[in-house]
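Every number in this text was worked out from the coordinates using simple rules, so none of it is lab data. Quantities reported herein were computed from a predicted structural model and do not represent experimental measurements. FYI the Cβ positions are ideal-geometry reconstructions off the backbone, even for glycines, and counts take in every protein chain you see.
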């Protein structure tokens with residue numbers, strides 16, 4: 001599958017659609033709406049990426065937010081169900097890591113959830129190490145947090 005990854009505006013139609021699909025999927029898994037205390041938005045995101053298949057269909061997205069301590073946080077990683085298992089998530093993740101490096105971060109962190117075993121396996125496979133939590137996820141029982149030292 002031919003895939004392109006490019007920066008797009010946070011409020012682009014495809015970005016909004018992908019994030020809504022992600023939120024609907026998570027709401028169904030956790031039986032509750034998005035409970036994030038500090039949701040990302042256009043002002044807090046450093047970069048927002050969209051993956052597109054050869055025909056131009058948006059198949060995934062991810063965002064990067066710089067934290068005050070020099071780390072970068074990966075946010076809103078989502079791949080449409082029909083594109084899962086095709087390498088799209090890995091391509092988005094690597095692009096976000098590259099952007100983190102370009103912005104001077106040497107570490108990335110992210111939070112997923114305990115009811116997302118597919119995401120947990122993905123991040124572990126990609127070399128991310130589990131951590132107890134960070135920021136709003138410290139002590140959050142539904143959160144599963146990870147970190148990666150960028151080389």
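Per-residue counts of other Cβ atoms within 10 Å, averaged by peptide: what ranking do you get for 86-94, 41-49, highest first?
By packing density, highest mean first, the sequence is 86-94, 41-49.
Once both labels are modelled 7 Å past Cα along the beta-carbon direction, what's the residue 67-residue 132 spacing in nm?
1.4 nm
By counting other Cβ atoms within 10 Å of each Cβ, how are 108, 16, 3 ranked from fewest to most?
Neighbour counts put them in this order, fewest first: 16, 3, 108.
With a 10 Å Cβ neighbour count serving as the proxy for reagent exposure, in which order, fewest first, do 122, 146 appear?
By the 10 Å Cβ count, ascending: 122, 146.
Give me the base-10 log of I(q)/I(0) for region 3-149 at each q in 0.14, 0.15 Å⁻¹, Debye formula, one uniform scatterer per Cα, rounded to two decimals.
Values returned for q = 0.14, 0.15 Å⁻¹ are -0.63, -0.73.
Just report the Cα centroid separation between region 82-119 and region 1-46, whole Å.
Using only Cα atoms to place each centre, the spacing works out to 13 Å.
So what is the orientation-averaged projected area of region 15-89, using the convex hull of its C-alpha atoms, in nm²?
Mean projected area of the Cα convex hull: 5.9 nm².
With 10 angstrom as the radius, rank 145, 61 by how many other C-beta atoms surround their C-beta, starting from the fewest.
145, 61
Before anything else, pin down the relative contact order of the chain: Cα pairs under 8 Å, at least 6 apart, normalised by residue count, whole percent.
In percent, rounded to a whole number, it is 19.
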